[in-house]
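Undergrad: Let me begin by handing over the structure; questions about it come next.
The values are calculated or read from the model by the stated rules, or taken from the named source; none is laboratory data. Please read these numbers as outputs of a predicted model, since none were measured by experiment. Cβ placement follows ideal geometry from the backbone for every residue including glycine, while neighbour counts extend to all protein chains displayed.
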Amino acid sequence: MEGLQQLYYLHGIGYDFVKYDGEHVVFDALTRQTAIECCGIEPNDQHAVDRLNFELDIAPWTRVVEPVTLSDSDSGSFVIKVSESLKHSIASIKVPSANIDISVKLSECEEVGDYIHAGNRYVALEVNLGKLPIGYLELLIEGAFGQVVAELWSVPKQCYNPYVSHSSKKPLGVSLQLYTLKSDRNYGIGDFADLKQLIALFSQHGGDFVLLNPLHLLFSAKPEEASPYSPSHRCLINPLYIALDDIQEIVGQACAELFSSVADLGHRRSVTSKFIDYTQTSNVKYALFQILYNCWQQDARQEATLNAFIEEKRSILGDVDLSQFEWFLQWLASEQLQRCQSLCIAKGMEIGLVNDLAVGCTGSGLEFESYRACFSEQANIGAPPDPWAEQGQNWGMPALNPIKVKHNNFAYFKSLVRSNLNQVGALRIDHVMSLRRLWWCFAKEGQELGCYVYYPFEYLLAILKIESHLHSSIVIGEDLGVVPPEVTQALEESAIFGNTLFYFEKNQNGEFKASEQLRKNALIMVANHDVPPFHGWWNAADIDIKFDYQLIDEHQRHHQKHARGVEKARLISWINQHEFPDLEITASSQEVYQAVMHILASSPSQLLAIQLDDLDLQEFPVNIPGTNTEYPNWRRKLNHELVELFELHKDFIQQLNAIRKQQ
C-alpha cells in the first residue's frame with residue numbers, strides 16, 4: 001500500500017460510504033488530504049508519513065504488549081508479541097491485584113499471528129491467565145526481552161444487563177427534559193426537587209426508569225447558550241438543576257437556616273411563562289448560590305467534605321479549572337442527583353435514572369480546554385447529507401483525533417463514561433455510532449468538505465463494558481439513522497440496548513412495522529427531543545409552528561400537511577390491524593396516542609418510555625433541528641404541573657405497566 005494511502009487507513013480516514021439513498025460515494029483526494037491535515041499531519045512530508053506508518057503499523061509488533069492490552073475476563077487470555085528467536089524462552093507474568101504470579105513457556109502458547117520486518121519474524125502468542133476480575137489491572141511481564149509494564153483491561157463479553165438473562169422483564173419508563181418541569185416552587189426551570197417529585201409519582205404507578213436529557217455543564221456566563229447537547233463539560237453538572245429548598249441534608253441545618261434567613265428566596269421567581277428566560281433564571285439562581293456559599297463558608301468543618309469531593313473528581317478528570325465556589329456547586333448538584341437515584345431504588349424502580357451522554361462538547365468550553373491535546377485541528381463533527389439536510393450538517397463541535405484519544409490509556413473517554421454512569425441506573429449514549437465513526441466537517445480552498453473518520457471501536461467499547469459492570473449500570477445506544485452493520489452487530493453482542501423511535505419504524509413501503517417486528521433489545525419511544533410531540537404531530541401543529549416562525553413557506557406547509565395526512569392514515573391502519581379495529585382518523589390525538597402506546601407495551605421491545613410531553617398534550621417541540629435563534633429551542637416548559645399530569649393519566653400509566661408486567 002502506498003505510503004499516504006496506508007496512513008489514511010491507519011489513521012482512520014475513511015475511503016467511501018453509502019448515502020441514505022444507496023449511492024456509493026468515494027471521498028476525493030482533496031477531502032482525505034484535508035482530513036489528515038486536521039490531524040496535525042503534513043501529507044506532503046514523506047519522512048513524517050513514513051515515520052507515522054512505522055509507528056502505527058510495524059512498531060506494535062516490536063513491543064511485547066501495548067500500553068493498553070485487552071483481555072477476556074472469563075479466560076484471562078491476551079496476546080504478547082515477541083521475536084521468533086525468543087519463542088522458546090520463559091516469561092514471568094504478574095497481575096498483582098488478581099494475585100497472579102506465574103511463569104509461562106512461550107513455546108506452549110498458541111501462535112495467533114505473525115509479521116515480518118527487516119528480515120525478522122515476530123509472532124503473536126496467546127497467554128491464558130484464567131478468570132480475571134473486571135477492570136483495569138496492572139500487568140508486569142519480564143523475560144529475555146526485558147521488563148514491560150502495561151494496563152491490562154479485563155473485559156467482559158457484554159455490558160451489565162440483567163435483562164439478557166431475565167428477558168421476560170419489560171420495564172416501563174418516562175422520558176423528559178428536566179428543565180421543562182413546571183412547579184410553583186422552582187425558579188422557572190425544572191430542578192432536582194421536581195425530579196424527586198416525579199420519581200415519587202411515577203413509582204406509585206409501577207414506573208421503572210426516568211430518562212433524562214443531558215445534565216452537562218453549560219455556560220454560566222452565557223446563559224442563553226442553553227442546548228444540553230452543546231455543553232461546556234460533559235463530566236460536570238449544570239448547577240441550574242440544584243434545588244435551593246432541598247439542601248439541608250447536604251449543607252447541614254445551621255447553614256440551611258442561615259441561608260433561609262438572609263436570602264430573599266422569592267425574589268424575581270418566574271414560574272408562569274411558557275418559555276424559560278435563561279438570563280433571568282441564571283442571574284437569580286447564581287445570586288442565591290453565592291449567598292448560600294457565603295453561609296456555608298462560615299463553618300470551617302464543612303470544608304473537609306468538599307475537599308474530599310474535589311479530590312475524587314480530580315482523580316477522574318485531572319486538573320479542571322474551577323474555583324472553590326464552582327466546585328461547591330458541583331458538589332451540591334452531585335449530591336442531589338445521587339439522592340434522586342437513591343429515591344428511585346427506595347421506591348422500587350427496576351432501573352432508576354437514565355442519564356444521557358451528548359455526542360460532543362463545544363470548542364469554547366471547559367472540556368475542550370482540558371483535553372485539547374486529544375482533539376483535531378479545524379474539524380467539527382456533524383452528519384452527511386440526508387433527506388432533511390441535503391448539504392449535510394455541521395454540529396459545530398470539535399472532532400476527536402482517533403489516535404490522540406488513546407493518550408494516557410484512554411483517560412479522556414474513561415472519564416466521560418465513568419462520570420456519566422456513576423450516579424444512575426443506565427446511560428443512553430447519543431449517536432452511539434460515534435464509537436466507530438464520525439462525520440468530520442472542514443474547509444479547504446473555499447470548499448466545505450466532509451468525510452467519515454474511524455475510531456478505535458474495540459477499545460471504546462471495552463471501556464463501556466468495564467464501566468457498566470463496575471457501576472452496575474445498563475447502556476443504551478441511540479442508533480438512529482445510517483448505522484454501520486459492524487456497529488449493530490457489536491451492540492447486540494455486547495448487550496447494549498438500541499434506541500427506537502416509533503415514527504421511523506417503517507418497512508420498505510413506508511408502512512409502520514407490525515409490532516411483533518420491533519426490535520427486542522431496544523428502548524422504544526414514540527418521539528424524542530428532535531421530533532414533534534405526538535399531540536402536535538397528530539394535529540400538524542408542528543408544521544404551523546414552523547410556518548409561524550418563518551421556517552417554511554406556504555407551499556412547503558401545504559405539501560407537509562398533505563404528507564402528514566398520509567402518515568396519519570397509515571398510522572390508523574396500523575392501529576386497526578392490531579388491538580383497536582374501530583379507531584378512526586377523526587379520533588383525538590390522546591385516543592390515538594394511548595392506542596399506540598398500548599400496542600407498543602405489548603411489543604417485544606424490552607424497554608418502553610412514555611414521553612412526558614405527550615402526557616402534557618404539547619404542541620410546541622422542545623427543539624427544531626437545523627435551527628438556532630430562529631426558534632426558542634430548549635426553552636419550552638410543560639403546560640401542567642406534575643401532580644396534575646399524573647392524576648390525569650394515572651389509569652393510562654397503570655394500564656401500560658400491567659401490560660408490561662404480565663408478559
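Condition check ((1) exposed (fewer than 15 other Cβ atoms within 10 Å of the Cβ); (2) among the basic types (Lys, Arg); (3) not in a loop (DSSP other than H, G, I, E, B)) across all residues:
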site	(1), (2), (3)
Ser230	no, no, no
Cys235	no, no, yes
Leu244	no, no, no
Ala254	yes, no, yes
Phe259	no, no, yes
His267	yes, no, no
Ser282	no, no, yes
Tyr286	no, no, yes
Tyr293	no, no, yes
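Undergrad: Sticking with this one: Hey, does region 539-555 have a residue that's touching a helix residue (DSSP H, G or I) at 6+ places or on another chain (Cβ under 7 Å), among the β-branched types (Val, Ile, Thr) and within 19 Å of Val596 (Cα to Cα)?
TA: no
Undergrad: Return yes or no: is Ser73 of a type in the set (Gly, Ala, Ser) and either more than 40 Å from the chain's Cα centre (by Cα) or more than 22 Å from Tyr459 (Cα to Cα) (or both)?
TA: Working: of a type in the set (Gly, Ala, Ser): yes; either more than 40 Å from the chain's Cα centre (by Cα) or more than 22 Å from Tyr459 (Cα to Cα) (or both): no.
No: the conditions fail for Ser73.
Undergrad: Go through region 633-657 and report how many residues are touching a Gly at 6+ places or on another chain (Cβ under 9 Å) and closer than 16 Å to Ile199 by Cα.
TA: The first filter runs over region 633-657 and keeps only residues touching a Gly at 6+ places or on another chain (Cβ under 9 Å), leaving 637-638, 653-654, 656-657.
Within this subset, residues satisfying the condition of being closer than 16 Å to Ile199 by Cα are 653-654, 657.
Selection size over region 633-657: 3.
Undergrad: Take the residues in region 608-652 that are among the β-branched types (Val, Ile, Thr) and out of contact with any strand residue (DSSP E or B) (no Cβ under 7 Å at 6 or more places or on another chain); name whichever of them is modelled with the highest pLDDT. Talk me through it step by step, then tell me what you get.
TA: Step one: list which residues in region 608-652 are among the β-branched types (Val, Ile, Thr), which gives 610, 622, 624, 627, 629, 643.
Now restrict to residues that are out of contact with any strand residue (DSSP E or B) (no Cβ under 7 Å at 6 or more places or on another chain): 624, 627, 629, 643.
Numbers: Ile624: 91, Thr627: 86, Thr629: 89, Val643: 97.
Among residues in region 608-652 that are among the β-branched types (Val, Ile, Thr) and out of contact with any strand residue (DSSP E or B) (no Cβ under 7 Å at 6 or more places or on another chain), the one modelled with the highest pLDDT is Val643.
Undergrad: Would you point out which residue out of Leu523, Leu571, Leu583, Leu551 is at negative phi and part of a helix (DSSP H, G or I)?
TA: Details: Leu523 fails: part of a helix (DSSP H, G or I); Leu583 fails: part of a helix (DSSP H, G or I); Leu551 fails: part of a helix (DSSP H, G or I).
Within the list Leu523, Leu571, Leu583, Leu551, the selection yields Leu571.
Undergrad: Run down Ser334, Ser315, Ser342 and say which single residue is free of Cβ contacts under 8 Å to residues at least 60 places away in the same chain and closer than 30 Å to Ser203 by Cα. Break it down stepwise before answering.
TA: On the way: Ser334 fails: free of Cβ contacts under 8 Å to residues at least 60 places away in the same chain; Ser315 fails: closer than 30 Å to Ser203 by Cα.
None of the other options fit; the residue is Ser342.
Undergrad: Based on what the data block shows, is Lys520 among the basic types (Lys, Arg), surrounded by fewer than 21 Cβ atoms within 10 Å (Cβ to Cβ) and farther than 19 Å from Val174 by Cα? If you could, list the steps in order and put the result at the bottom.
TA: On the way: among the basic types (Lys, Arg): yes; surrounded by fewer than 21 Cβ atoms within 10 Å (Cβ to Cβ): yes; farther than 19 Å from Val174 by Cα: no.
No, not satisfied.
Undergrad: Okay, moving on. Yes or no: Leu212 of a type outside the set (Gly, Ala, Ser) and closer than 22 Å to Trp634 by Cβ?
TA: Values: of a type outside the set (Gly, Ala, Ser): yes; closer than 22 Å to Trp634 by Cβ: yes.
In short, yes.
Undergrad: Which residue is surrounded by the most Cβ atoms within 10 Å (Cβ to Cβ), if the candidates are limited to region 322-372 and must be among the charged types (D, E, K, R) and not in a helix (DSSP H, G or I)?
TA: It comes out as Asp356.
Undergrad: Hey, another quick one. Could you tell me which of the residues Leu137, Leu70 is surrounded by 19 or more Cβ atoms within 10 Å (Cβ to Cβ), hydrophobic (A, V, I, L, M, F, W, C) and touching a strand residue (DSSP E or B) at 6+ places or on another chain (Cβ under 8 Å)?
TA: Values: Leu70 fails: surrounded by 19 or more Cβ atoms within 10 Å (Cβ to Cβ).
Step by step, each of Leu137, Leu70 is checked, and only Leu137 is surrounded by 19 or more Cβ atoms within 10 Å (Cβ to Cβ), hydrophobic (A, V, I, L, M, F, W, C) and touching a strand residue (DSSP E or B) at 6+ places or on another chain (Cβ under 8 Å).
Undergrad: Then there is this: Here's a check for you: in region 86-102, which residue that is of a type in the set (S, T, N, Q) and surrounded by 13 or more Cβ atoms within 10 Å (Cβ to Cβ) is nearest to Tyr136 (Cα to Cα)? Explain how you work it out, then say what you get.
TA: Our first condition is that a residue be of a type in the set (S, T, N, Q); within region 86-102, this holds for 89, 92, 97, 99.
Imposing the further condition that a residue be surrounded by 13 or more Cβ atoms within 10 Å (Cβ to Cβ) reduces the set to 89, 92, 97.
Details: Ser89: 27, Ser92: 20, Ser97: 10 Å.
Only one residue tops the list, namely Ser97.
Undergrad: Restricting the first residue to region 264-278 and requiring it to be at pLDDT 70 or above, which pairs with a second residue that is not in a loop (DSSP other than H, G, I, E, B) meet a Cβ separation below 6 Å and a spacing of at least six or different chains?
TA: Partner pairs satisfying both residue conditions: Phe275/Arg636.
Undergrad: Condition first: part of a loop (DSSP other than H, G, I, E, B) and over 21 Å from Leu438 (Cβ atoms). Now tell me which residues in region 489-511 satisfy that. Break it down stepwise before answering.
TA: Going residue by residue through region 489-511, those that are part of a loop (DSSP other than H, G, I, E, B) are 494-496, 505, 507-511.
Once the filter is applied, which keeps residues that are part of a loop (DSSP other than H, G, I, E, B) and over 21 Å from Leu438 (Cβ atoms), region 489-511 yields Ala495, Glu505, Asn507, Gln508, Asn509, Gly510, Glu511.
Undergrad: Something else: Sort through Arg437, Arg428, Arg418 and tell me the only one that's charged (D, E, K, R), farther than 22 Å from Pro133 by Cβ and touching a helix residue (DSSP H, G or I) at 6+ places or on another chain (Cβ under 9 Å).
TA: Arg437 is the lone residue from the list that is charged (D, E, K, R), farther than 22 Å from Pro133 by Cβ and touching a helix residue (DSSP H, G or I) at 6+ places or on another chain (Cβ under 9 Å).
Undergrad: Of the residues Asp28, Asp57, Asp72, only one is touching a residue at least 60 places away in the same chain (Cβ under 8 Å) and either touching a Leu at 6+ places or on another chain (Cβ under 6 Å) or acidic (Asp, Glu) (or both); which? Before the answer, list the steps.
TA: On the way: Asp28 fails: touching a residue at least 60 places away in the same chain (Cβ under 8 Å); Asp57 fails: touching a residue at least 60 places away in the same chain (Cβ under 8 Å).
From the options Asp28, Asp57, Asp72, the qualifying one is Asp72.
Undergrad: Of the residues that make up region 103-110, is at least one more than 21 Å from Tyr136 (Cβ to Cβ), in the same structural domain as Lys131 (by TED's automatic domain parsing), in contact with a His (Cβ under 9 Å, 6 or more places away or on another chain) and in contact (Cβ under 8 Å) with a residue 24 or more places away in the chain? Give the derivation first.
TA: Step one: of region 103-110, the residues more than 21 Å from Tyr136 (Cβ to Cβ) are 103-110.
Imposing the further condition that a residue be in the same structural domain as Lys131 (by TED's automatic domain parsing) reduces the set to 103-110.
Add one more test, that the residue is in contact with a His (Cβ under 9 Å, 6 or more places away or on another chain), and what stays is 105-107.
Going one step further and asking which of them are in contact (Cβ under 8 Å) with a residue 24 or more places away in the chain, we end up with 106.
Checked region 103-110: at least one residue is more than 21 Å from Tyr136 (Cβ to Cβ), in the same structural domain as Lys131 (by TED's automatic domain parsing), in contact with a His (Cβ under 9 Å, 6 or more places away or on another chain) and in contact (Cβ under 8 Å) with a residue 24 or more places away in the chain.
Undergrad: Does region 157-180 hold any residues that are among the small types (Gly, Ala, Ser) and modelled with pLDDT under 95, and which are they? Can you show your working first?
TA: Applying the first criterion (among the small types (Gly, Ala, Ser)) to region 157-180 yields 165, 167-168, 173, 175.
Once the filter is applied, which keeps residues that are among the small types (Gly, Ala, Ser) and modelled with pLDDT under 95, region 157-180 yields Ser165, Ser167, Ser168.
Undergrad: What residue, of Gln177, Gln147, is under 25 Å from Leu244 (Cα atoms) and of a type in the set (S, T, N, Q)? Give the derivation first.
TA: Details: Gln147 fails: under 25 Å from Leu244 (Cα atoms).
Testing whether each residue is under 25 Å from Leu244 (Cα atoms) and of a type in the set (S, T, N, Q) leaves just Gln177.
Undergrad: Next question. State yes or no: is Ile524 of a type outside the set (D, E, K, R) and in contact with a Pro (Cβ under 9 Å, 6 or more places away or on another chain)? First the steps, then the outcome.
TA: Working: of a type outside the set (D, E, K, R): yes; in contact with a Pro (Cβ under 9 Å, 6 or more places away or on another chain): no.
Here the answer is no, as Ile524 does not meet what is asked.
Undergrad: Can you tell me which residue in region 1-17 is surrounded by the fewest Cβ atoms within 10 Å (Cβ to Cβ), limited to those that are of a type in the set (Ser, Thr, Tyr) and assigned to a helix (DSSP H, G or I)?
TA: Here is the first cut: in region 1-17, the residues of a type in the set (Ser, Thr, Tyr) are 8-9, 15.
Then drop every residue that is not assigned to a helix (DSSP H, G or I), which leaves 8-9.
Values: Tyr8: 22, Tyr9: 16.
Within region 1-17, the match that is surrounded by the fewest Cβ atoms within 10 Å (Cβ to Cβ) is Tyr9.
Undergrad: Still on this structure, please answer the following. When you check Phe309 against the structure, is it in the same structural domain as Met397 (by TED's automatic domain parsing), at pLDDT 95 or above, surrounded by fewer than 19 Cβ atoms within 10 Å (Cβ to Cβ) and aromatic (Phe, Trp, Tyr), yes or no? Steps first, answer last, please.
TA: Working: in the same structural domain as Met397 (by TED's automatic domain parsing): yes; at pLDDT 95 or above: yes; surrounded by fewer than 19 Cβ atoms within 10 Å (Cβ to Cβ): yes; aromatic (Phe, Trp, Tyr): yes.
Answer is yes for this residue.
One line per residue, one yes/no per condition, for (1) surrounded by fewer than 21 Cβ atoms within 10 Å (Cβ to Cβ); (2) at positive phi; (3) of a type in the set (Phe, Trp, Tyr):
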| residue | (1), (2), (3) |
| --- | --- |
| Ser473 | no, no, no |
| Asp479 | no, no, no |
| Val483 | yes, no, no |
| Gln489 | yes, no, no |
| Ala495 | no, yes, no |
| Tyr503 | yes, no, yes |
| Gln508 | yes, no, no |
